[in-house]
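Novice: Just dropping this structure here.
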Amino acid sequence: MVSIDDDLARERFRPPEPGADRLPLRAIRLLALADVVIGTLDAGRWHLAPVPDTLRAIALVVMVPAALFVVQAMRANRFFSPVVRVQKERGHRVIDGGPYGSIRHPGYLGMIVSVMASGLALGSWLAFVFAALYAALILRRVFFEDAFLQANLEGYADYARRVPYRLIPGGW
């Protein structure tokens, strides 16, 4: 996070408006918190749904590069906001460099993969359930944000034609 631009850091931590998708964003944040809290409690105290150590290690190996991919997406896109909105006051424009040259939502791809791995890395199948719900809401957000940007951000519809894949290069 230290490597992102100061203007983006302000946008990420204190967006000036709630955005077009504020209620699902609250649910996403609560699920992310539940993933960590429930996972920690289950792995450390409850031991209700433990994950085998080998799978935990694999999940950790997957989680780290996926989280770094989110950071790479943030560094490439100075408009990477937690809220769905057009940032007119910041000169919002289409970003098509870096990972955005292959897929339209690389940050969401990294989030989905890293959060799914996080519950397993913590050692809790219960956390994995919260992570799966989080991932489902992020996937819903991909559809919502993509439609919002196509309707409201100049040049995004052309970008969507040039880069047809939302999350999986060559796939979807």
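Novice: At pLDDT 95 or above and under 17 Å from the mean Cα position of the chain (by Cα): does that describe Pro99?
Specialist: Against the criterion (at pLDDT 95 or above and under 17 Å from the mean Cα position of the chain (by Cα)), Pro99 qualifies.
Novice: Out of curiosity, is Asp146 within 17 Å of the chain's Cα centre (by Cα), among the acidic types (Asp, Glu) and more than 27 Å from Val37 (Cβ to Cβ)?
Specialist: yes
Novice: To continue, here is another question. Taking segment 25-38 as the search range and keeping residues that are touching a residue at least 24 places away in the same chain (Cβ under 8 Å) and within 19 Å of the chain's Cα centre (by Cα), which one is surrounded by the most Cβ atoms within 10 Å (Cβ to Cβ)?
Specialist: Result: Asp35.
Novice: Being open to solvent by 30 Å² or more (accessible area, probe 1.4 Å) and more than 22 Å from Val61 (Cα to Cα) is the filter here, so list the residues in segment 158-172 that pass it.
Specialist: The answer is Asp158, Arg161, Arg162, Pro164, Tyr165, Arg166, Gly170, Gly171, Trp172.
Novice: Let me ask another. Using the structure shown, decide if Ala49 is in contact (Cβ under 8 Å) with a residue 60 or more places away in the chain and surrounded by fewer than 18 Cβ atoms within 10 Å (Cβ to Cβ).
Specialist: The answer is yes for Ala49.
Table: residues versus (1) assigned to a loop (DSSP other than H, G, I, E, B); (2) closer than 15 Å to Ala121 by Cβ.
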{"position": "Thr54", "(1), (2)": "no, yes"}
{"position": "Phe80", "(1), (2)": "yes, no"}
{"position": "Val86", "(1), (2)": "yes, no"}
{"position": "Pro99", "(1), (2)": "no, no"}
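Novice: Does segment 6-24 hold any residues that are hydrophobic (A, V, I, L, M, F, W, C) and either touching a Ser or Thr at 6+ places or on another chain (Cβ under 7 Å) or surrounded by 12 or more Cβ atoms within 10 Å (Cβ to Cβ) (or both), and which are they?
Specialist: Hits for segment 6-24 are Leu8, Ala9, Ala20.
Novice: Can you go through Leu133, Leu122 and tell me which one is among the hydrophobic types (A, V, I, L, M, F, W, C), modelled with pLDDT under 95 and either surrounded by 21 or more Cβ atoms within 10 Å (Cβ to Cβ) or under 29 Å from Pro52 (Cα atoms) (or both)?
Specialist: Just one listed residue meets the conditions, Leu122.
Novice: Hey, another quick one. Of the conditions (1) over 23 Å from Val36 (Cβ atoms); (2) at pLDDT below 95, Ser81 clears all except one; give me its number.
Specialist: The one condition Ser81 does not meet is (1).
Novice: Let me ask you something else. Any residue at all in segment 36-50 that is among the aliphatic types (A, V, I, L, M), in a loop (DSSP other than H, G, I, E, B) and at pLDDT 95 or above?
Specialist: Within segment 36-50, not a single residue is among the aliphatic types (A, V, I, L, M), in a loop (DSSP other than H, G, I, E, B) and at pLDDT 95 or above.
Novice: Just to be sure I understand, how many residues within segment 147-172 are more than 14 Å from Val86 (Cα to Cα) and either in a loop (DSSP other than H, G, I, E, B) or modelled with pLDDT under 95 (or both)?
Specialist: 10
The values are calculated or read from the model by the stated rules, or taken from the named source; none is laboratory data. Model, not experiment: these values are computed from the prediction. FYI the Cβ positions are ideal-geometry reconstructions off the backbone, even for glycines, and counts take in every protein chain you see. When the accessible area is computed, the model is the full protein with side chains, heavy atoms only, and any ligands, DNA or RNA have been set aside. Shrake-Rupley method; radii C 1.70, N 1.55, O 1.52, S 1.80 Å.
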